[in-house]
Amino acid sequence: MSDLGFYGPAALGGLAFLLRLPGLIRNPRDPMLRAVAMLLVTGWGVFFFGALPTIAKVNEMTGVPNFSAPLVYTILTAFSGSCIVLIINWQGSPPERIRRATRWCAGIYGLVCVALFVLFALGDAPEERLRDLDTYYATTPYIREMIVLYLLAHTVSAIIMTFLCRRWSRDVSGVLRVGLFLMVVGYLLTLVYDVCKFTAVGARWAGHDWSTLSTDIARPLASAASLLIATGLGLPLVVQRLEAPWREWSRYRRLGPLWRLLREVAAARPSVRISLLSPAGVRLLQRESDIHDGLLTLHPYLDPEIRARALLDALASGVCRKDAEAAAEAAMVVAALGAMRSGDARQQIAAARAAQRGAGYGCRDLVRMSRALRDCATARRRPAG
């Protein structure tokens, strides 16, 4: 795999961390934000420091042949631990249980990271190996133990994450389930990566050279697995961030028919002008305000008898209760608008009847009313026969 396959995801991970940094600065004690930040940092490190040019540069800058080996192994181990910590916080449990599990995970993986550097310092790896260090030094004392330790930590993490994500996916739906599915696939690929690595190392112990499993097969698997895991983790977070604006835009659009019907009436009341760049929430608030202003203006002309007749007709046609009520409300509003335009003062007597029957405006489903108006307009435009 080309180095672009490592530097590209590293750039995306770094950008994602920078976007999350303001929130972390504002809430430094939020365990979820800290878990996400740690995951993004270590994920960036896996790709950036795992690229061959970076490996060579780190070795050159430190003056220690193969210094990148324990560094990359440590970052990969930290990334594995960060994934577990994030899932622990993400699933939602009692705070004390989350803190205890987080401390255990951080402590164990922290000790593994320290042990990797200690074993490297005790070992002897004088010849720089950029691609096949795992198999080349598989029989070297202490370096051998360092390789096995990082592979074991990586494998244990993959097994735990596969189990946790698979179990959790049974209890959720939607985009979260999709994200968990991607993570399960990613960790299954991670296990295949570990099997390739262990097989290549074991073959070296047996006197065979199967280094191609480690260099040509395992390396692309690691990149693909990391991308799937990062996508699975990021997708629910991104969708959650965009979900509220999307709901607001959707409601804003669906209120269009009702707003267009009442905007002539609402225009009589002073309205706050909003910018073209205003967010969806502001636009929705303005549109709902215009609708309520229009309904208040029409209040003296609303006739509950028209609503009652329209409700019976809608129910008789087989429409569900909520849609029938919305259609009846829409029919009453259309009739009131016609009465107001005609100047029929007799219709204003309906205000007293409406007050007696408790016809308030807060309980109306504005979206259903708007949809009923749209359906009526569509039916009128449809040619007969």
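Just so you know, all these numbers are worked out from the coordinates, no wet-lab data involved. This is a predicted model, so every value here is computed, not measured. Note that each Cβ is placed from the backbone with ideal geometry, even for glycine, and that neighbours are counted across all protein chains shown.
Observations, loosely collected:
- Ranked by how many other beta carbons lie within 10 Å on average, peptides 301-307, 112-118, 69-75, 27-33 from highest: 69-75, 301-307, 112-118, 27-33
- Basic side chains Lys and Arg get +1 at the Cβ, acidic Asp and Glu get -1 at the Cβ, and with that the dipole of the chain about its Cα centre reaches some 1920 debye.
- With the charge dipole of segment 119-221 set up from +1 on Lys and Arg Cβ and -1 on Asp and Glu Cβ about the Cα centre, the Cα lying farthest toward the positive end among the listed residues C196, V178, F120 is that of V178.
- Value of relative contact order over the chain, rounded to a whole percent, pairs C-alpha under 8 Å and six or more apart: 11 percent
- MRE, 222 nm, helices only [DSSP H, n ≥ 4, -39500 (n - 2.57), over the chain, to nearest 500]: -26000 deg cm²/dmol
- Relative intensity, log₁₀ I(q)/I(0), of the chain from a Debye sum that treats every alpha carbon as a point, q = 0.06, 0.10, 0.11 Å⁻¹: -0.44, -0.76, -0.83
- Relative to the longest principal axis of the Cα atoms of the chain, the long axis of helix 366-381 makes an angle of roughly 70 degrees.
- The phi torsions of segment 113-122, fed into the Karplus equation with coefficients 6.51, -1.76 and 1.60 and a -60° offset, translate into couplings of 4, 5, 4, 4, 6, 5, 5, 5, 5, 6 Hz, rounded to whole numbers, with Gly and Pro shown as x.
- For segment 100-105, 3J(HN,Hα) per residue [Karplus equation, 6.51 cos²θ - 1.76 cosθ + 1.60, θ = phi - 60°, Hz, x = Gly/Pro]: 5, 5, 5, 5, 4, 5
- A full extension of the chain between A316 and T62 corresponds to an added length of 83.1 nm, given 0.36 nm per residue minus the alpha carbon distance.
- Net charge contributed by nearby residues that have their C-beta within less than 12 Å of D216 (K/R +1, D/E -1): +1
- Signed unit charges on C-beta, dipole axis of the chain, positive-most listed residue G318, T215, I87: G318
- Computed from phi, the 3J(HN,Hα) profile of segment 35-52 under the Karplus parametrisation 6.51, -1.76, 1.60 (θ = phi - 60°) reads 5, 5, 4, 5, 5, 5, 5, 5, x, 4, x, 4, 6, 5, 7, x, 6, 4 Hz, with x in place of Gly and Pro.
- When the Cα positions of A308, A206, A138 are compared along the charge dipole of the chain, A308 comes out farthest toward the positive end, with charges on each C-beta of Lys, Arg, Asp and Glu.
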